[in-house]
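The values are calculated or read from the model by the stated rules, or taken from the named source; none is laboratory data. Remember, predicted model here, so these are calculated numbers, not experimental data. Cβ: placed from backbone, ideal geometry, glycine included. Neighbour counts: every protein chain shown. Side chains included, ligands, DNA and RNA excluded: accessible areas come from the protein's heavy atoms. Shrake-Rupley method; radii C 1.70, N 1.55, O 1.52, S 1.80 Å.
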Amino acid sequence: MTDRDDAPERTPEERRADHAAIDRLADELLPALVAKLGASGLGELAVREGRWRVRLRMPGDGRAARRPASPGRSTSRLEGRAAAVGQPGPLPGGQPLPPAVAPASPGPATPAGSATPAGATARAAGHAGSEGTTGAADPGSSPTRVVATSPAVGFFQPRARLAAGARVRAGDPIGAIDVLGVPHEVVAPTDGIVGATVVAPGDPVEYGQPLLEIELLAPAPAPAAGTARAAEGA
Amino acid sequence: MFERVLIANRGEIALRILRACRTLGIGAVLAYSEADRDSLAAQLADEAICIGPADARRSYLSASALISAAIVTGCDAIHPGYGFLSEDAGFAEAVAAHGLAFVGPSAEVLERFASKEGTRRLLAAHGLPTIPGSDGLLRDDEHALAEAERIGYPVLVKPSAGGGGKGMRMVRTPRELQAALRVCRSEARAAFGDDSLYLERWLEENRHVEVQVVVDRYGHGVHLGERDCSVQRRHQKLIEEAPTPALPEAARAELAERAIRAVVAAGYENLGTLEFLVDRDQGFYFIEINCRIQVEHPVTELLTGIDMVATQLRIAAGEPLGFSQADVDFRGHAIEFRINAEDVAHDFRPQAGTVERFWAPGGPGVRLDSHLYAGYEVPPYYDSLLGKLIVWGPDRPSAIARGRAALDELVVDGIITNRAFHRAVLDNPAFVEGRVTTSLIDRVGGAAFLAPRS
């Protein structure tokens, strides 16, 4: 889905313009919003920018706190998506995703019942499930945030007094996995602002499971995909 | 019986344990490394939990990761399969210390049988003949040379820990021995973390015959007959069959009975395999014991109708064996072919890649234990076993005929396997006449079997 940006209704020029708009929003607006949302303790935040509407939602709706006690092939998959950007118009074959950013004004004609923003949404969230190795960051990481994943199998405890909105540097301890009574430190995979906690304190976690989101501070200079790759390599 | 078992292994044996759990009505949780996320067992298990990265030292060989995974998923037992931590007394002890059951012998029993050299002495004391060998472990090169002289060349240098042919060399002269000691020590240290070696007299033209035993916690044990594993390459078994063509029925019965008497007397428990070398004159010598389920256990299952993994789980749960020697019937002949991702034409080079097509053979007396499926990516990190084809027939010729047909039916595209090698062995007169010795393939070379026959 990531590369299927070829909705027939739109000309290449329109597509490029949309991509540029999405990139600009992702690079400039989203980090600030994410920080604001994390610090505010609010569940959701929506702003309007030109003909685009950006909506952020904390993944604290129960989907996020996944327990390995559920069937494991889904255990390993991350769903929490704090930020996503949608593009106007439908994509053929695209799966419906909850719209996060949608054109505020009706964009190009949308066939009834198939409002399926995808494109950039997939780009933002589409790096999940790659081969995370160091337990640093990976599934669910996006251009605007990096997810700290579990370095071991055990029970997760976030660092005391580590609140959403706090600034952390790469390598700062952000919690620990209790493995048979021995704590294994979890460190921030990147500089940033502590965002949503994906698992609840004391929850059992598997190796590589997303624990905590770190929202990036500065807009990334590189294109979105490149940023995400760099984050994966962290 | 257990409620939920953690499967601490991968590949075909993970699937085999899963199947045993299902038939016993036990929940099965699969512990997998990141490289095995898409494995068939991970998809079929009631639950699957990622325990670490592809590197086995941080996943399948990590005692803490496995035990933690069992606790996190609410398991009450861990089945280690074969290889990895299956015979590790320290692991068995840690599992028990966390209130979980280890599906295998207790730590104390594993400890008692951990040293090959010590086990030889122990079982010799209980009446098993052993190969003349060095007086204990080799202290240094001088001791090794003196002992080799006393035993008589050629001798086999063997590591006290581990198995699988690592750190093992046959030498014919003192000079070869000195060179081999260095190599074997470093191989043994790398593979088992223990570089102690001992010597054994090398028996020419020998066959590898092993006896399957099963002993419950109450000292009640039976043997499940023997298997012949003489088709080997560099001490790696490729084909196993039962009954052995090397011994007449009376000798087979005597071998099995002496084996079960000795291990019961020595206090063994759970499933185990005693390996023997059988020489030209049908003399047999005990070499080592494997304290776990074997790769080739289906051969015995087809002959006896006993589900050995289920039996292993029942014994580990503290149940009595529930049958006696008189209840065990041996019917017909079974042969197992290890289907490996290996390029026989290029010195059995291991292969990795994606299985594009996979057709399993079938029909009467045909069983395939394999974790393959079309689209499965064979990871490069682990052993090359893709599965096992096991055939049964009322007698050896009919088992061979079914083996030929089944191997012809088996299709694995996208990755090179040793299927053609097995097919060629089934047309080889030495195999058909039951004359294969353990050194045949190393002497002739695997590629020779693949050469077109006129």
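Observations
- Sorting the segments A:153-160, B:337-344 by their residues' average number of neighbouring beta-carbon atoms within 10 angstrom, most packed first, yields B:337-344, A:153-160.
- Per residue, chain B exposes 38 Å² of accessible surface when a 1.4 Å probe is rolled over the protein heavy atoms with every protein chain present.
- For the stretch B:311-454, the alpha-carbon radius of gyration amounts to 1.21 times the rule-of-thumb value 2.2 N^0.38 Å expected for a compact globular protein.
- Order by protection proxy (mean Cβ within 10 Å, highest first), peptides B:237-250, B:20-33, B:175-188: B:20-33, B:237-250, B:175-188
- Restricting the calculation to Cα atoms, every distinct pair contributes to the Kirkwood radius of the stretch B:316-381, found to be 16.1 Å.
- For chain B: rounded, prolate or oblate by the Cα gyration tensor [a/c cutoff 1.5]: rounded
- Principal semi-axes of the equivalent ellipsoid, √(5λ) from the alpha carbon gyration tensor of the stretch B:13-168, are 38, 17, 14 Å from largest down.
- For peptide B:49-58, the mean count of partner chain Cβ atoms within 10 Å of a residue's Cβ comes to 5.
- In summary, the convex hull built on the alpha carbon positions of the stretch B:397-436 has an orientation-averaged projected area of 2.8 nm².
- Peptide B:64-75 is shielded by partner chain Cβ atoms: per residue, an average of 6 of them sit within 10 Å of its Cβ.
- Buried area at the A:B interface is about 1600 square angstrom, summed over both chains, from accessible surfaces computed with a 1.4 angstrom probe.
- Mean projected area of the convex hull spanned by the Cα atoms of the stretch B:59-143, taken over all viewing directions: 7.5 nm².
- Here's the list of aspartates and glutamates a cross-link from B:Lys237 could span, going by alpha-carbon distance under 14 Å and ignoring same-chain residues fewer than 8 apart: B:Glu210, B:Asp228, B:Glu275, B:Glu296, B:Glu336, B:Glu342, B:Asp383, B:Asp442.
- Whole-number D in µm²/s for the stretch B:99-193 (Stokes-Einstein; Kirkwood sum over Cα pairs; 37 °C, 0.692 mPa s): 223
- For the residues of B:32-40, the average number of beta carbons from a partner chain within 10 Å of their own beta carbon is 2.
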